[in-house]
Amino acid sequence: MDAFEIEGGARLAGEIRVNGSKNAALPLMAASLLTDQPLTLADVPDLSDIRNMRHLLDELGVEINQPQPGQLTLQTTDTSESHARYDIVKTMRASVCVLGPLLAARGRARVSLPGGCAIGQRPIDLHLHGLEALGARFQLEQGDVIGHVPGGRLVGNRIFLGGSFGSTVLGTANIISAATLARGTTIVESAACEPEIVDLANLLNRMGARISGAGSPRITIEGVDQLGGASHRVIPDRIEAGTLMVAAAITRSELTITNCPLDALMAATNRLEAIGVVVEPADDALSMRSKVRISAGESLSPCDITTQPHPGFPTDLQAQFMALLAVADGHSVITEKIFPERFLHVAELSRMGARLFRQGPTTIVSGVGRLVGAPVMASDLRASAGLVLAALAARGTSRILRVYHLDRGYERLEERLAAVGARIKRIGLDEHESPQPKVVVRKGIAPAYQP
């Protein structure tokens, strides 16, 4: 089991590039199931989730080659298998995005239910509702959703995808992917507006689909008989970009970030500026591949944050901003409206000296002058990032355990941060080694933690 060991207090300086988006790449890869022609994707990050999707698609008959780092060529060569097995789906909830393409292209699918996760339940009811509106029929058997399409082809329809906590990103991806091959026109109302949906629609249109309205709450898809191959560059990862911005801010550093999707981060940069962080684009035009300089002084102001569906403040940056506000002056309030249980990092940040009070979906953050290093346990992907950021700013040494969560969404993060001045390294721990620090007691001295 790997861990990060971080000596806090180092200033960051230099230039760091944002990688391609994991959340965009996974549905793009699944789109290869919709055609027998080659699909070439560039700027694909090397992450455990990507490797798991490659494994899944390989089992589903997709031949995958990697001519060079960051580039994948995918081509469906065998359509006989339609079962996304539990052994793979349990490692990556986004595996469910193969459901729509399988039903559209093969008329059948068997996908294991992904279940809940550390940040709360995320059921796929809306996925099934949308696909049923297109004519698919489902049954549950041994934890698997088994779907088939009577007559062999989906039929366009009007679909409302709103849910209790807003729209569904993966559900929208599933529906628009399936609707590309449906007979007739599909209108998706209350569709997710995230940039990853726009990226998927752009790829599908390059493959011959007829999709309009992506990025708005209403998407229209006119079905076609078949799709072809295409080449496409994955958009930069807006959550990684936001994490790197906070890394510069929390260490009171100056960092230049390239390939930065600034146009997709207005809610995050608005809150950074309210905190007192300087965000300076290289030019005035916002784009999805900007160059931006982030800098922060010693004084950081408190602010209030409420997570919302895009273009609101992203839930995937909540933990990182909590770490930042933990070292700001005064009191801040963070309200989580997407995943109300997404606060497992509160206890771990508290171990580092953060003053946090949680009440339901809201956490009050009372800023402290400086966090202190401690051994902490990552509970999920974004909580891991928040703990790494806190450790970069803390006094002393921290050990972040279970960084396999982090490896799902950040490629070689420790190497890239070290290249701009962070004192961070990956270490291996024996599986029997206690994750808790030893307590050393000396006569006349209070117990002290030894990482």
Kirkwood-type radius of segment 166-245, with distances r between different C-alpha atoms, in Å: 13.0
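Sorted from fewest to most neighbouring beta carbons within 10 Å, what does the list MET207, MET352 look like? Walk me through the numbers before you get to the answer.
Details: MET207 21, MET352 25.
Result, fewest neighbours first: MET207, MET352.
Averaging over all projection directions, find the projected area of the Cα convex hull of segment 129-278 and quote it in nm² with one decimal place. Intermediate values should be presented prior to the final figure.
On the way: hull surface 46.7 nm².
Its Cα hull, projected and averaged over all orientations, spans 11.7 nm².
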Starting from the 7 Å offset along Cα-to-Cβ, what nm value, one decimal, do you get for the label separation of ARG158 and PHE138? 2.3
Segment 51-108 and segment 294-371 have their Cα centres apart by a whole-number Å value of 37
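Regarding segment 1-72, what is the average projected area of its C-alpha convex hull, in nm²? Let's see the in-between values first.
On the way: hull surface 28.4 nm².
So the Cα hull casts an average projection of 7.1 nm².
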A correct Kirkwood calculation over the Cα atoms of the chain returns a hydrodynamic radius in Å of 22.7
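Need one word for segment 22-233: rounded, prolate or oblate. Basis is the Cα gyration tensor (sqrt eigenvalues a ≥ b ≥ c); a/c below 1.5 gives rounded, then a/b vs b/c decides. The partial results should precede the final answer.
Working: a/c = 1.24, a/b = 1.11, b/c = 1.12.
Since a/c stays below 1.5, the shape of segment 22-233 is classed as rounded.
Calculate, for VAL368 and ALA418, the FRET efficiency according to 1/(1 + (r/R0)^6) with r their C-beta to C-beta distance and R0 30 Å; round to the nearest 0.05.
0.70
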Taking the Cα centre of segment 22-233 as origin, work out the dipole magnitude from +1 charges on Lys and Arg Cβ and -1 charges on Asp and Glu Cβ, in debye rounded to 20. 340
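Laboratory data are not the source of any read-out in this text; all were calculated from the coordinates shown. Remember, it's a predicted structure, so these values are computed and weren't measured experimentally. Positions of Cβ are backbone-derived with ideal geometry, glycine not excepted, and every protein chain shown enters the neighbour counts.
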